[in-house]
Amino acid sequence: MTETREFKTEVRQLLQLMIHSLYSNRDIFLRELIANAADALDKARFESLTDPASAREWKISIVPDKEKKTLTICDNGIGMKADEVVENIGTIAKSGTKAFLKMLEEKGEKSGDLPELIGQFGVGFYSAFMVASPVELITRKGDEPAVCWSSTGEGEYTISEAERDEPGTSIVLHLNDDAEIYLENWKIAEIVHRYSDFIAYPIIMPEVKIGEDKKETQTERILNSQKAIWLRKPSEITEDEYKSFYTHLSNFGGTEYLKAIHMTAEGASEFKALLFLPKQAPFNLLMPDIQKKGLQLYIKRMFITDECKELLPDYLRFVCGVVDSSDLPLNVSREILQQNPLLDKIRTAVTGKVISEMKKLLENDRENYEKFFAEFGRIVKEGLHTDRPNAEKLKDIVLYESMNTPAGKRITLKEYVDAMPESQQDIYYITGDKREAVASSPALEYFRSKGYDVLFMTDPIDEWVMQSMYQYAQKYFKSVIKGDFEDKEAEEKVKNAAEKFAPAAEFLQKTLAEKVSAVRFSGRLTDSPCCLIVDGQALSPHMERLFRAMNQEIPVSKRILELNGEHPLIAALNEKIAAEADEAELVRYVNVLYDQALLLEGSPLPDPAAFAKEVVTLLGEALKK
């Protein structure tokens with residue numbers, strides 16, 4: 001007997017909305033139906049614990065039929081009785097999974113013994129209508145009669161008796177003309193591999209193989225690996241399995257990873273994770289528009305997204321891996337994460353774990369950590385500015401080259417502080433384009449003479465980060481090219497030089513009035529005649545160059561020209577000024593002096609050809625004398 005009914009919602013438009021607007025990708029229908037089948041198998045397997053006779057070889061089958069244009073998804077799970085079909089399938093958004101869990105909880109089952117069921121909303125089944133009409137469901141529960149449910153998705157459905165040999169459910173999709181691609185074996189395998197590869201049960205598809213004798217043989221192909229290695233103990237996983245899985249999920253296209261990180265969180269937020277620190281940076285690491293970010297997210301082993309940006313801060317975007325949550329809420333189509341405190345807790349836990357593992361690597365495998373930091377350090381440093389809660393932890397794992405270390409050798413901030421002489425109160429640093437440029441800066445001369453070290457910050461990100469990185473271990477950061485120079489031992493010498501060579505300072509100030517904000521004597525220099533210093537709040541020349549490289553219009557800032565009162569060149573210039581030498585000649589000397597100061601700080605010369613010509617002229621005149 002066949003009975004025709006209307007959906008209990010009696011809102012045909014609602015059904016149409018779910019069929020045509022709920023999902024953004026039609027491939028999702030197969031994921032949803034497989035998830036429902038896995039739920040049915042979970043329920044049946046759970047019941048078999050108290051009824052061993054009902055146990056069987058659990059599986060999901062997918063059978064395409066090109067002649068009939070049907071795709072059948074079949075399981076041998078719990079199945080449904082006629083009234084359950086009406087209740088669960090005939091009522092939109094009536095979730096059988098929720099009802100089953102509620103029933104078990106009311107019976108007093110412990111939550112830890114409950115099967116992990118995927119369905120939450122009871123709407124996944126209706127995704128089948130995106131690709132098929134009509135859709136038939138043949139199901140049988142235990143020894144109850146089998147039932148057939150059928151609908152075209154237009155608001156009505158029919159219920160009739162059916163034949164089925166064993167408990168379980170078969171869903172027969174009569175595919176639309178524009179959905180025949182889902183009859184292709186390769187397309188089915190692709191969707192299963194992407195969305196359902198780690199479902200715990202084998203997903204089987206029949207195949208025809210042609211032997212050497214050209215005879216056809218019916219075989220079965222298992223489409224999913226079922227190997228969710230993040231659920232296994234690390235001691236049970238081989239290196240080859242790690243490499244294979246890393247290749248499966250890596251955005252970097254390689255099999256080389258530096259460290260695998262396992263996580264298991266229980267309590268308020270339950271999840272498992274397997275993360276990888278890569279060995280080498282991909283070519284697109286600094287190209288955010290073409291780089292995937294975030295971890296792969298699974299909900300109870302069902303794939304949700306391969307780019308869940310909410311699970312990691314942006315400065316850890318090089319980390320790849322998977323997070324599998326048992327209780328993370330999704331929206332009704334399972335395609336979008338809802339804002340939820342649990343998501344923030346997972347992010348906090350995963351971020352803390354990654355930073356902790358990087359610190360362990362630094363402490364236990366310094367050589368490999370330094371190689372890792374050379375690849376990803378500039379990205380990690382972003383967190384010093386953007387991740388305030390973890391900034392102090394990040395300070396412990398960042399590395400810098402320094403004035404007192406060989407080229408290529410990096411030290412931690414702790415190592416820098418531990419090596420500071422007792423007389424040194426602050427952490428000194430200098431920013432620039434590369435080591436060679438900053439190492440030759442005249443601004444280092446005083447610190448070198450005192451035995452102090454200076455950190456070389458040559459990553460483009462460093463200047464930006466230092467705007468918020470005020471101190472470490474109660475030591476303040478100070479740029480050697482910014483602000484006033486304070487040294488009590490040099491105060492008297494500076495005062496005497498300012499008085500003795502006042503004519504030189506005044507002439508330099510007048511001549512360079514359009515280029516510098518001030519000319520003054522300082523104890524900062526020991527070997528060079530002069531250097532350019534940035535006023536405390538102004539942009540450094542390095543930062544100005546970065547802005548201009550990004551086509552940012554910024555005004556040209558005037559810097560302070562500091563003079564070394566003990567340098568013979570300053571004394572000679574002062575004598576010529578006092579002797580009222582030719583002013584045009586003096587201006588030439590001053591301009592060359594200023595240009596060489598620009599060169600030493602790494603800034604481009606306004607007119608390199610004029611500078612070279614002037615140097616040659618002055619050399620020629622000197623050689624004639």
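Each Lys or Arg adds one and each Asp or Glu subtracts one; over the other residues with Cβ under 12 Å from the Cβ of residue 519, this totals +3.
Rounded, prolate or oblate: which fits the range 522-565 when a ≥ b ≥ c are the square roots of the eigenvalues of the alpha-carbon gyration tensor, with rounded for a/c under 1.5 and prolate only if a/b beats b/c?
Details: a/c = 3.54, a/b = 2.68, b/c = 1.32.
In terms of gyration-tensor shape, prolate.
Using θ = phi - 60° in the Karplus curve 6.51 cos²θ - 1.76 cosθ + 1.60, the 3J(HN,Hα) couplings for the range 159-172 round to 10, 8, 6, 8, 10, 7, 6, 9, x, x, 9, 10, 10, 9 Hz; x is entered for Gly and Pro. Cross-link reach is defined here as a Cα-Cα straight distance under 29 Å, omitting same-chain residues fewer than 8 places apart; for residue 613 the lysines meeting it are 434, 510, 515, 558, 576, 624, 625. With contributions of -39500 (n - 2.57) from each DSSP H run of at least four residues, the per-residue ellipticity at 222 nm computed over the chain stands at -11000 deg cm²/dmol. The angle between the Cα long axis of helix 185-195 and the main principal axis of the chain comes to about 60°, on a 0 to 90 degree scale. Label point of residue 556 set 7 angstrom out along Cα-Cβ; within the range 585-625, amide nitrogens under 18 Å from it belong to 588, 590-612. In this simple spin-label model, placing a label point 7 Å from the Cα along the Cα-to-Cβ direction at both residue 371 and residue 578 gives a separation of 6.2 nm. Using R0 = 51 Å, the C-beta based FRET efficiency linking residue 619 and residue 415 works out to 0.70. Over all other residues within a Cβ to Cβ distance under 12 Å of residue 569, the charged ones net out to -2, with Lys and Arg as +1 and Asp and Glu as -1.
For the listed peptides 370-378, 523-531, a ranking on the average number of other beta carbons within 10 Å per residue, highest first, reads 523-531, 370-378. Seen against the Cα atoms of the chain and their longest principal axis, helix 341-364 is set at about 50 degrees.
On a 0 to 90 degree scale, rounded to 10, what angle separates helix 568-578 from the longest Cα axis of the chain? Value to nearest ten degrees: 50.
The value for the chain of Rg(Cα) / (2.2 N^0.38 Å) is 1.42. Working from label points 7 Å from Cα in the Cα-to-Cβ sense, the residue 510 to residue 450 distance is 3.5 nm.
Tell me, what are the semi-axes, in whole angstrom and largest first, of the equivalent ellipsoid of the range 474-525 as set by the roots of 5 times the Cα gyration tensor eigenvalues?
Working: eigenvalues 117, 57, 6 Å².
Square roots of five times the eigenvalues give 24, 17, 5 Å.
Go through 426-433, 400-407 and give me the packing order, highest mean Cβ count within 10 Å leading. Walk me through the numbers before you get to the answer.
Working: 426-433: 21.1, 400-407: 16.6.
Result, highest mean Cβ count within 10 Å first: 426-433, 400-407.
Ordering 441, 496, 200 by Cα displacement along the dipole of the chain toward the positive end leaves 496 in first place; charges were set at the Cβ atoms of Lys, Arg (+1) and Asp, Glu (-1). Distant-in-sequence amide contacts of residue 401, defined by a placed amide H-H separation under 5 Å and a gap of 5 or more residues or a different chain, comprise 411, 456. Distant-in-sequence amide contacts of residue 521, defined by a placed amide H-H separation under 5 Å and a gap of 5 or more residues or a different chain, comprise 563. With both residues required to sit in the chain, DSSP beta bridges show an antiparallel share near 80%.
With +1 assigned to the C-beta of every Lys and Arg and -1 to the C-beta of every Asp and Glu, and no other charges, what is the dipole magnitude of the chain about the Cα centre in debye, to the nearest 20? Write out the running numbers ahead of the final one.
On the way: 80 positive and 104 negative charges, 168 e Å.
In debye, rounded to 20, the chain gives about 800.
Assuming 0.36 nm per residue, please report the length gained on full extension of the stretch residue 393 to residue 54 beyond their Cα-Cα distance. Could you put the intermediate results ahead of the total?
Numbers: separation 339, 0.36 × 339 = 122.04 nm, distance 5.44 nm.
Answer, rounded to one decimal: 116.6 nm.
Quick one: net charge of residue 228's neighbours, Cβ under 11 Å, K/R +1, D/E -1? Residues near residue 228 contribute +3 overall. Each 5 Å bin from zero holds the following percent of Cα-Cα pairs in the range 203-243: 5, 18, 17, 12, 11, 11, 12, 9, 4, 1.
Computed from label points 7 Å out along Cα-Cβ, the spacing between residue 239 and residue 143 is 5.8 nm.
Would you mind getting me the FRET efficiency between residue 231 and residue 5? Use the beta-carbon distance for r and R0 = 41 Å, nearest 0.05. Computed FRET efficiency for residue 231 and residue 5: 0.45. Converting phi to 3J(HN,Hα) with the Karplus coefficients 6.51, -1.76 and 1.60 and the offset θ = phi - 60°, the range 465-478 yields 5, 5, 5, 10, 9, 7, 7, 9, 6, 6, 10, 7, 7, 9 Hz in sequence order, with x at every glycine or proline. Ranking 225, 451, 46 by Cα position along the charge dipole of the chain, where only Lys, Arg, Asp and Glu carry charges on their C-beta atoms, puts 451 farthest toward the positive end.
Read-outs: derived from the displayed coordinates by stated rules, not from any lab. All values derive from a computational prediction rather than experimental measurement. Don't worry about glycine lacking a Cβ; one is built from the backbone with ideal geometry, like all the others, and counts go over all protein chains shown.
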